[in-house]
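Quick notes on the structure that follows.
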Amino acid sequence: MNYKIYCPTYKRADICKTHKYLKNIIYVVRESEKEDYKNVHKNLWIVPDSAQGNLSRIRNYILNHSKEENIILLDDDIKHFGKFNGNKLKKLNESEVYKMIEEGIQLATDLDIVFWGINCIGDKGSYREYTPFGLTSYIGGPFQAHRKNDLRYDEKIFLKEDYDMSLQVLNKHRKNLRMNMYHYVCEQATLKGGCATYRNIETEKEHNNLLQKKWGKKIVKFDTTQRGKKTKGFDINPIIKIPIKGV
């Protein structure tokens with residue numbers, strides 16, 4: 001199948017780890033960091049410094065300059081992928097991950113879907129066997145797949161770019177694909193570099209507000225309650241209510 005797996009990485013040459021799990025990925029690295037990364041992984045795509053420093057911008061750069069029909073975008077801190085078969089959890093080896101990607105590409109092609117992904121939660125309690133697939137789901141940033149997608153990430157909402165892309169696709173195409181039986185495990189916000197260089201509570205609030213302003217309060221909501229407490233807290237992850245019938 002015609003696809004490539006790209007991992008944008010920024011100021012993480014000493015801690016990125018996806019290449020240790022999947023050898024066929026391509027790290028997307030800015031010009032000024034190429035010397036830092038050249039001994040980390042053999043597959044590098046060197047891009048201008050101006051393309052980095054904003055997650056939406058670098059993802060758009062990849063979409064605009066890659067020639068593949070199918071583009072897989074992964075975070076650089078993927079630990080492993082898993083699959084539920086009933087109550088049994090299986091960690092995928094490298095060849096099984098590529099098979100999963102090919103399954104997703106085939107399903108997206110058959111269903112004429114431009115954007116797809118996998119479950120963002122690896123907890124059995126979040127997986128329902130009777131809905132192995134979702135067609136109106138949020139698709140998390142650590143694994144996002146594009147098939148001839150004509151839409152681009154909003155560079156003003158680069159901390160909530162995955163929520164915004166999910167909503168963009170559903171708004172225009174009325175469907176996406178999430179293979180719920182699969183999930184990813186990554187370190188995400190716990191490592192230095194990457195988004196951590198500009199992520200804090202204030203910027204999270206700012207981008208949440210921008211997302212809600214763009215899509216409206218009926219679609220983008222926030223859980224400000226804290227169970228067992230009278231005070232209200234702040235949840236960095238918005239709640240998305242998709243006004244489209246279906247799973």
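Values in this text are rule-based calculations from the coordinates and carry no lab data. On a predicted model such as this, the values are computed, not experimentally measured, just so you know. Here the Cβ is made from the backbone with ideal geometry for all residues, glycine too, and neighbour counts use every protein chain on show.
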*Would you please give the residues with an amide H less than 5 Å from that of residue 133, counting only those at least 5 places away or on a separate chain, with H modeled from the backbone geometry?*
180
*asked:* Give me, ordered by chain and number, the residues 5 or more places off residue 28 or on other chains with an amide H under 5 Å from its own placed amide H.
replied: 7, 9, 45
*Please report, to two decimal places, log10 I(q)/I(0) for the chain at q = 0.07 Å⁻¹ as given by the Debye formula with identical point scatterers on the Cα atoms and no solvent.*
-0.23
*Filter the chymotrypsin sites (Phe, Trp or Tyr not before Pro) in region 125-177 down to the DSSP loop ones having no more than 11 other Cβ atoms within 10 Å, then list what survives.*
130
_Vicinal HN-Hα couplings computed from phi for region 136-150 (Karplus, 6.51 cos²θ - 1.76 cosθ + 1.60; Hz; Gly/Pro x)_ = 9, 10, 5, 10, x, x, x, 9, 9, 10, 10, 10, 6, 6, 8
*By DSSP, what percent of the beta bridges with both residues in the chain are antiparallel, rounded to the nearest 5?*
55
*Run the numbers on region 10-117 and let me know its relative contact order in percent, using alpha-carbon pairs under 8 Å that are six or more apart.*
23
_Using amide H atoms built in the peptide plane, which far-off residues or other-chain residues are under 5 Å from residue 78 H to H?_
17, 18
*Which order do 88, 160, 83, 205 fall in if you start with the one that has the fewest other Cβ atoms within 10 Å?*
88, 205, 83, 160
*So what are the ³J(HN,Hα) numbers for region 178-183, from phi and the Karplus equation (6.51, -1.76, 1.60; θ = phi - 60°), rounded to whole Hz, Gly and Pro as x?*
10, 7, 6, 6, 9, 8
*Go through region 209-215 residue by residue and turn each phi into a ³J(HN,Hα) via Karplus (6.51, -1.76, 1.60, θ = phi - 60°); whole Hz please, and just put x for glycine and proline.*
5, 5, 5, 5, 5, 6, 10
*Helix-only CD estimate at 222 nm, as mean residue ellipticity for the chain, using -39500 (n - 2.57) per DSSP H run (n ≥ 4)*: -8000 deg cm²/dmol
_Fewest-first ranking of 242, 25, using other Cβ atoms within 10 Å as the exposure measure_ = 242, 25
*Assigning unit charges at the beta carbon (Lys, Arg +1; Asp, Glu -1) and nothing else, what dipole magnitude in debye, to the nearest 20, does region 3-240 show about its Cα centre?*
740
